[in-house]
Amino acid sequence: MKARLLTVLLVLSCVSVPAVETYEFESWAVGAVGFGWAGFGAALAGPGEYLINPAGLGNALRTEIAGTYVPAFEDRLTPCFGASFIKPMRTESASLGEERTFGTLAVSLYNADDSNYWLAQYNPRSNWTYKTDSLACVSFGSRANDLLAYGLNLKVLAVEKDGRADSGFGLDLGVQLYPGDFRVGLAVSNLIPPGISLRDERSYTEQVVRLGSGYSLEGVLNLAAELEYALSTDRLDYGLCAEVVPLERDDFRIALGGGYRALEKLWGGFLSLRVGLFEAACAVQLDVSGFTTSCLRFSFSPDI
């Protein structure tokens with residue numbers, strides 16, 4: 001049954017689309033850890049990386065209110081913002097006296113403003129364009145048993161450019177397997193790709209299949225190799241991602257790691273620190289030209 005489901009997902013994903021458009025938030029909305037993994041993490045993704053693999057929500061332990069911030073870079077003078085709310089949904093059995101989590105719900109909103117309006121004020125000869133991309137997402141993930149977790153993202157992409165606006169609906173699906181200390185993940189981003197029509201031609205977001213396999217050593221060292229295939233453009237990439245957790249307690253956790261994307265020759269790294277109810281993570285990416293971008297994520301875990 002499971003094998004048939006995965007086969008159907010891959011077949012559906014192979015449906016070609018006429019034109020492909022990429023959006024900047026697809027690289028940073030994955031959270032600081034996913035950003036530091038260079039966009040990989042199908043096998044290792046946790047609750048904060050559900051846009052890489054929504055099955056990671058199945059491992060959520062606490063409610064989380066998070067904000068993501070990407071400083072301005074290149075010729076875009078405005079930063080990018082994101083906000084998310086992650087809530088494990090628990091039930092308590094009066095007869096057994098135990099509490100169970102049957103799933104985790106996440107709601108998020110991301111915005112990337114590519115307007116160079118302010119640049120045009122200082123350079124009247126520049127060709128002023130206005131473009132803003134927004135992504136709203138409702139996600140669900142669940143740990144079916146000790147072996148399997150699954151999840152989905154329901155997305156609405158809204159684009160406005162030079163007075164024209166449109167929106168489109170999308171769907172991501174993902175699964176993770178935990179056979180012993182091994183980790184296996186499969187995620188299909190944009191199984192249903194959001195379509196945008198700003199002119200006569202309709203464009204769609206890129207369909208991406210991620211397959212990762214890794215190993216977890218007592219939760220202290222998590223290491224995975226991953227393949228990423230973009231169905232729409234026939235692009236195949238591969239790489240590694242890793243996480244080291246030297247210290248973890250109930251009220252304190254420190255983690256660091258990184259990733260490498262071979263085709264783009266892109267390096268990433270991150271550092272995450274949680275103290276009590278607060279957590280902060282910072283990540284950077286370095287490409288082959290030496291250009292560096294960064295991503296910051298701050299979260300608060302209220303007792304609700």
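FYI, it's all coordinate maths here, none of it is from the lab. Everything numeric in this text was worked out from a predicted model, so none of it was measured. A quick note on method: Cβ atoms are made from the backbone with ideal geometry, for glycine too, and the neighbour counts reach across all protein chains shown.
Points to keep in mind about this one:
- Alpha-carbon spread of the range 163-216, three principal axes, descending order, Å: 53, 16, 13
- Considering the range 248-290 at the alpha-carbon level, its Rg and Dmax are found to be 13.7, 41 Å.
- Kirkwood Rh in Å, taken over the range 186-304 so that all alpha-carbon pairs contribute: 16.9 Å
- Positive minus negative residues near residue 51 (Lys, Arg vs Asp, Glu; Cβ under 10 Å): -2
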